[in-house]
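See structure below.
Every number here is computed from the coordinates shown, using simple stated rules; none is lab data. A quick note: this is a predicted structure, and the numbers were derived from the prediction, not measured. Using ideal geometry, Cβ is built from the backbone for each residue, glycine included, and neighbour counts are taken over all protein chains shown.
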Amino acid sequence: MTAATGGLRASAQATVWAVLGGVALCHCINDIMQSLVSAIYPLLEEEFRLSYAQIGFLTFAFTVTASLLQPFVGVVTDKRPLPLALPLGMASTLVGIVVLAKAPSYPVLILGAMLIGVGSSIFHPEASRIARAASGGRYGTAQSVFQVGGNVGHAVGPLLAAFIVAPFGRPSLMFFTIGAALGIAILWRVAEWHRTRPKPAARAARAAEGTALPKGRVLGALVVLGILVFTKNAYTSSLSSFYTFYVIERFGLTAQQSQLMLFVFLGAMALGVMVGGPIGDRIGPLAVIWVSILGVLPFTLMLPYANLWGSVALTLVIGIVIASAFPAILVFAQELVPGRVGLINGIFFGLAFGMGGLAAAALGALADAHGIEFVYRICAWLPALGVLTIFLPRGVVRAHRAVGPTMKLLVTGGAGFIGSAVVRLAVSRGHEVVNLDALTYAANLANVASVGSSPLYAFEHADLRDRGALDRILAAHRPDAVLHLAAESHVDRSIDGPGAFVETNVLGTFNLLEAARAHWLREGRPEGFRFHHVSTDEVFGSLGVAGQFTEETPYDPRSPYSATKAASDHLVRAWHETYGLPVLLTNCSNNYGPFHFPEKLVPVVILNALHGRPIPVYGKGENVRDWLYVEDHADALLTVLERGEVGRSYNIGGENEARNIDLVRVICRLLDEMRPEGGPHERLIAFVQDRPGHDARYAIDPSRIREELGWRPSVTLEEGLRRTVDWYLRNEDWWRPLLSREGVGQRLGTAVEPVAG
Ligand SMILES: Cc1cn([C@H]2C[C@H](O)[C@@H](COP(=O)(O)OP(=O)(O)O[C@H]3O[C@H](C)C(=O)[C@H](O)[C@H]3O)O2)c(=O)[nH]c1=O
């Protein structure tokens, strides 16, 4: 790999870290103020003679306000960014602190706590969303950085309380307002950045964020995650609310010493959230949730039996382990409901605060009745609820896991169907991506709107036939690899007008090879450079009833389209043999999935059925294709790019062979279930004139990629089609404008007379 390949480019990295650092700092200041609510409890108890129940209720007043407001803030921020949210949130917390410092009575104390709750509810969802938007796909790390700010704030709160509030009394809270004013100034800068960054239209962004699981499973998984948030927060918040009393009672500590003990606990939590996110980005958030929620149980059970120093050690471990779950829970939930990050943040922060407060109030009453130790024994068992993680769907987070070192990729055809899936996945894995696209009839920038504002993404409007433009773009961006997907791809169109296919697929690939070779030489032939040509299994011709295409199958293209792809494959191999250009080739089977342009079989069937129009099946529908879910294909392409052997080709198939007619029937049945209308959709099937030279059967032998690179498709055809149909049902905004594009909805590929000229 080149020197640049090992990490993100400096500029993008600096932007990411500057924004994340700013958000974390603001979070820290905000949460220092917030944590003072519980840190001054011993003082309040002394001054106002409060019972545990009243103290619990104070926490409840703070958290109930925060939890009820946060989902609303989340919904608003999904619709449009709120540049004032962060300063406003901080300002409200600030006023709450002043009220708390001056409060003459218990009811005014409650008012102060509620004002701090309002501040938190405005602050948290939006700050977390900014962190995610700036993260360049490392969502876990972004949540960790954001949350470590909060946890450091929570830990520093008791420390300040120990040395300032405890000796000098409540009015010293005013000191903190000065620090908070400083925080607002920094926040203003972050908010300014947020306001001025390019924003994709919210709807297009939602449409572009990929598929989701069936609604029932999403809901079930969200409920489980909600219970885990409850577990984590009821546990940590009730522990921290009563910690000071617990250690005072058990070990006879002073108020100051008890605050130091609280600092150990909250400081350990800061460490926990710091490590949870990056580890989650590596091994998957689900694994982190498992380890942390279940792993904390034995340590908690030991706590009531430990001596003072044993308690300090256990407190450290418990804090680290339990807090490492939180970034992972949040990232997992965000992945479940793509495009609704604000809402999910709102619900989860709301739940986190609300559950903690509810638990504190209830446990406060219990502590009055049965003693503080009893409360501990209840808390100890809460993490057992972590067993519910077995119900969480594993597939959701697979695509978002960072793999290998990051690179700067030039992706051609990144506004197309397969290209855009590669762009989205590559950005989500932290790669920098330059999307080069000519924006011809099948391209659509809405396909990449979800990454459009990422600092890792850039777009270049250029045509492969323009060699000058290719040289300029390669010199300007200096990519570590070229992933070449741009092509005219529709077999029917190649029958009606083969010229465009020869120009783009053959001459375009030739131009790109030459421009890439010049770039590679200019850069000093970097060892890690790759030119990856994405091709098709159609180059191998047509199979009979048995057999499969291997990488050794002789080329036998039979349509103008496949002939041009075969030609470009040969060019790429020749550039490797002759000039030593480090190339990779992949030949894939038929793709399907979200963002598929409505000229190919799967979207044609879905949309014609939805409109009650005839579903055209060529010939008798007995032709067989091997169906590959597009997001699996994108994953395979990045796998080959990262680990494939130079000069080698890899066949990528879905291990899902089906006759066209059977596939069409499955889609009809899915639509009967998901959008029942009139009668069964199968009634719309119409057998029409066959495609000239229609290849009978394609089937891929995927042994090489499976055995050498360990890649396999992740979804069955039934599951992939269900996701696809669901996506089209939910994304009319995306497909509706495409219906008026040239040739869509018409029968193509029957013009066998030569075109004049
Ligand atoms: C559009 C249409 C197609 N068909 C039949 C024709 C084929 O046997 C099968 C799939 O046709 P489609 O045009 O969607 O895809 P292929 O011709 O197999 O080619 C596709 O998969 C390969 C790997 C690529 O490399 C091509 O780029 C890609 O377009 O359904 C119908 O029966 N009715 C229709 O309305």
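The translational diffusion coefficient of region 586-735, from Stokes-Einstein at 10 °C and 1.306 mPa s with a Kirkwood hydrodynamic radius over alpha carbon pairs, comes to 97 µm²/s. Descending by average beta-carbon neighbour count within 10 Å, the peptides 97-107, 498-508 line up as 498-508, 97-107, the highest first.
Could you tell me whether region 409-543 comes out rounded, prolate or oblate from its Cα gyration tensor? Rule is a ≥ b ≥ c as square roots of the eigenvalues, rounded for a/c under 1.5, then prolate if a/b exceeds b/c, otherwise oblate. Verdict is oblate for region 409-543. Which GluC sites (Glu not before Pro) in region 696-757 pass both tests, a DSSP loop state and at most 16 other beta-carbon atoms within 10 Å? Hits after loop and neighbour filter: Glu742. For region 408-740, the relative contact order works out to 18 percent when only alpha carbon pairs closer than 8 Å and six or more residues apart are counted. Take the Kirkwood radius over Cα pairs of region 408-740, plug it into Stokes-Einstein at 10 °C and 1.306 mPa s, and you get 78 µm²/s for translational diffusion. Stokes-Einstein diffusion for region 513-628 at 10 °C, viscosity 1.306 mPa s, with a Kirkwood radius from C-alpha pairs, works out to 94 µm²/s. Dipole of region 408-740 computed with +1 at Lys/Arg Cβ and -1 at Asp/Glu Cβ about the Cα centre; of Ala458, Leu513, Val572, farthest Cα towards the positive end is Ala458. Round to a whole angstrom and tell me the spacing of the C-alpha centers of region 399-476 and region 684-733. Using only Cα atoms to place each centre, the spacing works out to 23 Å.
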